[in-house]
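Have a look at the structure below before the remarks.
The values are calculated or read from the model by the stated rules, or taken from the named source; none is laboratory data. Remember, predicted model here, so these are calculated numbers, not experimental data. As a convention, Cβ positions derive from the backbone with ideal geometry for all residues, glycine included, and neighbour counts pool all protein chains shown.
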Amino acid sequence: MATRLGLQKWYPEFFKKYGTYTVFDLMIKYIKEGRIKLDKSKHPRLATYHDPCNYGRKSEMKFGHGYYEEPRWIIDQCSDNWVDTFPNKGFQFCCGAGGGSWLTPYKEERVYYGRKKAQQIKATEADLLVVSCHSCYDQFKKSLRVEYDMEDLEVKYLWAMVADAIVL
Amino acid sequence: MEALDLINVPETKLNAQQAMACFTCATCVSGCPATGIDGFDARKLVRMAVLGMEKELIDARWPWICTMCGRCDYACPMGVKIGDLIRNIRSLRGRENVPGTLHKGVTAALKTGNNFGIPREDFVFVMKDVAEEFADEEGFDDFEMPLDKKGANILCTVHGKLPFGQTDDMKFWWKIFYAANESWTIPSENWEGVNWALYTGDDSAMKTMVGRIVENMEKLEAKNLLFPE
């Protein structure tokens, strides 16, 4: 987010000289070109996906495209058993760890902030939560799971899901 | 009679985000998970900006409890940019009073090239060490860590927390690159992918950090940048 914003604002010529990929674009390219092969049976348990603010809603507002469908397509290649949260995409709830709040002393506030997201995840009854943001990952894995009685929930990066489904 | 122009008002740093256009409908408040924390109320925050209550806003905890998730902006019928307003308020606070480790990380990043202040030799050691560990896994025995490789197709940054303490989590992308037979590289200097200056409202530091990524692209003659996760 910051890098793309900064490049657009201060180094616009960068885009004439170099190509760019988001993590989603690159994974999709490898899958579509057949450069990686995935086995869906590696993820049999019910999964759900959390839209990160930065790659979703904020990308939509700042760059004109929110990465909503891309991660869902990727999950479809890794699993036949997943459900969405509601609300999602542009209207998702932030996990509570955005904006650098993981790095402030306001832990109690951050955990309370995450209650809505925790309720949503619980409502899906999923065993596996897929995320595509490092802050979300830490918030779910280290805070919300513990604070909201979801310790059996596995939290996994989207790229870990892909890596684990790879057939070499 | 001319229509009342609520958009083109003289701008100050804190009412420049169309704050004057606010209808006070409180859609932002209803949709925000932070509403009520410490009395946080996005509508009041916008009013305070319009009323010129800069000092109160700068001293408040509100802008740091908000996660800048943008749900308010997304729903606002008048296009008030509350997230940008929050960032501008954050930017006006004295750097010594930025809460937690945010500004310390920015300072470390400017000095060392990463938020955790990891020296280059330590970073190189960790990366090579973890790479050896990875090569021991079945199917990856000829894996080599492509640090500072020139002319790669993809240049990657690294999230500072990974070499700092979550090294296993770096292996997922390595595995994907290996399987896809990709030509990629990680710079051994200024490799940080996370720009905390976005959160502290520090444009000068943010620009420096982004500029270093551009320099690495030039120096290593990379073709494409993989945006930090």
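Going by the conditions given, is A:I31 closer than 26 Å to A:A163 by Cα, touching a helix residue (DSSP H, G or I) at 6+ places or on another chain (Cβ under 6 Å), surrounded by 14 or more Cβ atoms within 10 Å (Cβ to Cβ) and more than 8 Å from chain B (Cβ to nearest Cβ)? Yes; evaluated as a whole, the condition is true for this residue. Consider the stretch B:92-118 and keep the residues that are assigned to a helix (DSSP H, G or I) and crowded, with 21+ Cβ neighbours inside 10 Å. The one that is nearest to the other protein chains (Cβ to nearest Cβ) is B:L102.
Condition first: free of Cβ contacts under 8 Å to residues at least 40 places away in the same chain, part of a loop (DSSP other than H, G, I, E, B) and more than 14 Å from every other protein chain (Cβ to nearest Cβ). Can you find one or more residues in the stretch B:119-127 that meet it? Yes, the stretch B:119-127 contains a residue that is free of Cβ contacts under 8 Å to residues at least 40 places away in the same chain, part of a loop (DSSP other than H, G, I, E, B) and more than 14 Å from every other protein chain (Cβ to nearest Cβ). Scanning the stretch B:147-160 for residues that are surrounded by fewer than 20 Cβ atoms within 10 Å (Cβ to Cβ) and within 17 Å of B:E121 (Cα to Cα) gives B:L147, B:D148, B:K149. Applying a threshold of 6 Å to beta carbon distances and a minimum spacing of six or more residues, or different chains, the list of pairs starting in the stretch B:213-229 at a residue that is in contact (Cβ under 8 Å) with a residue 40 or more places away in the chain and ending at one that is aromatic (F, W, Y) and in a loop (DSSP other than H, G, I, E, B) reads B:M217/A:Y18; B:L225/A:Y18.
Select from the stretch B:211-224 the residues that are hydrophobic (A, V, I, L, M, F, W, C), facing another protein chain (nearest Cβ under 8 Å) and surrounded by fewer than 24 Cβ atoms within 10 Å (Cβ to Cβ) and list them in ascending order.
Here is the first cut: in the stretch B:211-224, the residues hydrophobic (A, V, I, L, M, F, W, C) are B:213-214, B:217, B:220, B:222.
If we keep only those that are facing another protein chain (nearest Cβ under 8 Å) as well, we get B:213-214, B:217, B:222.
Within the stretch B:211-224, B:V214, B:M217 meet the criteria.
Quick check on my filter: what residues within the stretch A:145-165 are out of contact with any strand residue (DSSP E or B) (no Cβ under 9 Å at 6 or more places or on another chain) and either aromatic (F, W, Y) or part of a helix (DSSP H, G or I) (or both)?
At the first step, the residues of the stretch A:145-165 found to be out of contact with any strand residue (DSSP E or B) (no Cβ under 9 Å at 6 or more places or on another chain) are A:146-149, A:151-152, A:159.
Within the stretch A:145-165, A:V146, A:E147, A:Y148, A:W159 qualify.
In the stretch B:137-158, the residues that are modelled with pLDDT of 95 or more reach residues that are of a type in the set (K, R) and surrounded by 11 or more Cβ atoms within 10 Å (Cβ to Cβ) with C-beta atoms within less than 6 angstrom, at least six apart or across chains, in these pairs: B:M145/B:K128; B:N153/B:K223.
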